[in-house]
Amino acid sequence: MRRIVIGLALLATLTACSDNFFDPTPNGKTGSTGVQLVGKNIRMLPSEAAAIRVSFRPKDPSVRVRIARSSSEGRVSACPMRSIDDPLPPQASCLADLPNGVRSSLTTPGLGAVALVRDGDPISIDLLVDYEEDGRAFEIRMPTVAVPPGAAACKDNACNPFFELTPVHGGTFTSTATFQSGTGKLELLAGRVLARSFSSTGIPYGIAATQTGPSPLTVTAQLNAPSEYALALSNTGVVDMTVIRIDATWP
């Protein structure tokens with residue numbers, strides 16, 4: 001069992017993130033025709049108990065996973081699972097050290113989830129999960145969303161986790177976030193959040209839906225393709241939010 005580290009400040013930026021990390025056709029190569037789930041600013045703590053778990057609905061038993069990480073030290077292992085609630089599989093079925101910035105494939109019969117386990121000091125990661133679609137619902141479990149270090153450093157979603165699912169379809173979107181402690185804000189933002197267009201243009205993102213307060217938080221909105229949307233979760237309290245679960249269903 002790996003040691004557990006708590007109460008450390010959130011890393012504000014991901015220095016290892018490349019310009020084309022979220023490009024579905026990096027270096028001009030053809031990418032998947034399926035779904036891409038993108039997560040930004042996801043906090044990782046060491047230990048199997050603090051694993052980042054992501055469930056999704058693939059058409060075939062394989063998924064492509066890519067991360068960009070705030071530190072090259074230590075390791076991040078990636079394990080395919082049938083269900084998000086399953087115990088971690090034997091290490092032989094996992095990638096012992098997920099390469100930074102490289103798309104890696106994971107396969108298991110009945111695949112329905114992936115677990116990322118940190119071995120080393122806490123880090124933040126960007127995550128790309130690429131799979132052939134059989135459904136547009138996902139769930140992510142994270143150990144913590146820390147109190148932001150400051151408004152200036154965290155402007156334009158630079159610290160808090162947020163998620164996008166592409167391609168965008170029109171229809172009803174719903175999401176619920178639950179957590180054990182703290183208060184938060186769950187928002188569905190409309191605009192080019194991945195591209196940080198607010199920083200470059202000064203024009204705020206549209207807010208399709210928002211809720212603030214203690215757990216649980218729920219938002220519902222009507223999406224219009226081809227507009228871009230991002231689901232953002234922020235810590236609004238004076239203590240870290242812990243043991244976070246986000247369920248989202250995209251049209």
**Message:** Quick check on my filter: what residues within the range 190-220 are in a strand (DSSP E or B), surrounded by fewer than 19 Cβ atoms within 10 Å (Cβ to Cβ) and either polar (S, T, N, Q) or over 18 Å from the mean Cα position of the chain (by Cα) (or both)?
**Reply:** 206, 207, 210, 211, 212, 213, 218, 220
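Residue by residue, here is whether (1) assigned by TED's automatic domain parsing to the domain that holds residue 167; (2) modelled with pLDDT of 95 or more; (3) of a type outside the set (A, V, I, L, M, F, W, C); (4) within 20 Å of residue 245 (Cα to Cα) holds:
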residue: 188; (1), (2), (3), (4): yes, yes, no, yes
residue: 203; (1), (2), (3), (4): yes, yes, no, no
residue: 215; (1), (2), (3), (4): yes, yes, yes, yes
residue: 222; (1), (2), (3), (4): yes, yes, yes, no
residue: 225; (1), (2), (3), (4): yes, no, no, no
residue: 229; (1), (2), (3), (4): yes, yes, yes, yes
**Message:** Conditions first: (1) outside any strand (DSSP E or B); (2) of a type in the set (A, V, I, L, M, F, W, C); (3) at pLDDT 95 or above. Residue 127 passes all but one, so which condition is the exception?
**Reply:** (1)
**Asked** Could you list, in sequence order, the residues of the range 184-239 that are among the small types (Gly, Ala, Ser) and in contact with a helix residue (DSSP H, G or I) (Cβ under 9 Å, 6 or more places away or on another chain)?
**Response** 191
**Asked** Pairs, please: C-beta under 6 Å, at least 6 apart or cross-chain, first residue touching a residue at least 12 places away in the same chain (Cβ under 8 Å) and in the range 222-244, second part of a strand (DSSP E or B) and basic (Lys, Arg)?
**Response** 234/185; 236/185
**Fill in**
Filtering the range 147-185 for residues that are polar (S, T, N, Q), out of contact with any Pro (no Cβ under 9 Å at 6 or more places or on another chain) and under 20 Å from residue 54 (Cα atoms) leaves a count of 3
**Message:** Quick check on the range 130-154: of everything there that is assigned to a loop (DSSP other than H, G, I, E, B) and touching a Lys or Arg at 6+ places or on another chain (Cβ under 8 Å), which residue is farthest from residue 180 (Cα to Cα)?
**Reply:** 132
**Request:** Taking the options 53, 69, 75, 43, name whichever one is touching a residue at least 40 places away in the same chain (Cβ under 8 Å) and in contact with a Lys or Arg (Cβ under 7 Å, 6 or more places away or on another chain).
**Result:** 53
**Complete:** Exactly one of 187, 132, 139 is acidic (Asp, Glu), over 30 Å from residue 94 (Cβ atoms) and in contact with a strand residue (DSSP E or B) (Cβ under 8 Å, 6 or more places away or on another chain), and that residue is 187
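The values are calculated or read from the model by the stated rules, or taken from the named source; none is laboratory data. This structure is a prediction, so every number in the text was calculated from the model and none was measured. Neighbour counts run over all protein chains shown; Cβ positions are idealised from the backbone, glycine included.
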